[in-house]
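Taking it in order: structure first as structure tokens, then the write-up.
The values are calculated or read from the model by the stated rules, or taken from the named source; none is laboratory data. If you're wondering where the values come from, they're calculated on a predicted model, not measured in any experiment. Here the Cβ is made from the backbone with ideal geometry for all residues, glycine too, and neighbour counts use every protein chain on show.
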Amino acid sequence: MDFSFIEKIGFETIYGVTMNLRGHPPFEFTAEVTSDKKINVVKLDDIMQHVQAKQKFVAECFNKFKVLYPTCRRGALHYNPAAWTDVALHTIKKSTCNQIKFPNGCCSLKDCAINNFYMIVLETLYCDKVLKLKICSKCNAIKYCSKECQREHWHVHKKVCNLVNAASENK
């Protein structure tokens, strides 16, 4: 893709405002995570830790975006989809509730290209299986879509699980 100087400046401006370290970005886009859908934390961890997995994930999400929004004007998202994927992944990773507040230096409109892309990233991370969720029997603090997901995530969850379990025993 050939990008003009204007498109590069547009990306740097919007991305810079979004990632402003001195405060919150001027806009936030809130996505609701419904109780019947759960984020595949194993997939999220894999994508964040492995460059090849992240590159494949960026391509998958951006290709979905281009199919769903073929008439979308080229802009900050098109200039660097990997940067926006990173923003989305880090925001999802640190989110602890069913509302995820994505930062946006552009706007808060639902039809904004960046916000639509955030939703694609989020939906691509959902577990493929929509089943009755299984609760960790030791801490009762986290839910999994399957025993396999629970086993795969155990190395990450183990420390938190032990802390939660110890805290509940001390009460």
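Below is a table of values for the structure above.
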quantity	calculated
Hey, residue 63 at pLDDT 90 or above, in the same structural domain as residue 47 (by TED's automatic domain parsing) and more than 14 Å from the chain's Cα centre (by Cα) or not	yes
Inter-residue pairs, beta-carbon under 6 Å, first in contact (Cβ under 8 Å) with a residue 12 or more places away in the chain and surrounded by 13 or more Cβ atoms within 10 Å (Cβ to Cβ) and in region 148-171, second among the aliphatic types (A, V, I, L, M) and not in a helix (DSSP H, G or I), 6+ apart	164/141
Hey, residue 114 modelled with pLDDT of 75 or more, more than 21 Å from residue 53 (Cα to Cα), in contact with a strand residue (DSSP E or B) (Cβ under 7 Å, 6 or more places away or on another chain) and not in a loop (DSSP other than H, G, I, E, B) or not	yes
Region 121-146: number of residues that are buried (at least 18 other Cβ atoms within 10 Å of the Cβ) and either modelled with pLDDT under 70 or under 27 Å from residue 56 (Cβ atoms) (or both)	7
Residues satisfying the stated conditions in region 44-79, i.e. under 16 Å from residue 112 (Cβ atoms) and in contact with a Phe, Trp or Tyr (Cβ under 6 Å, 6 or more places away or on another chain)	65, 76, 77, 79
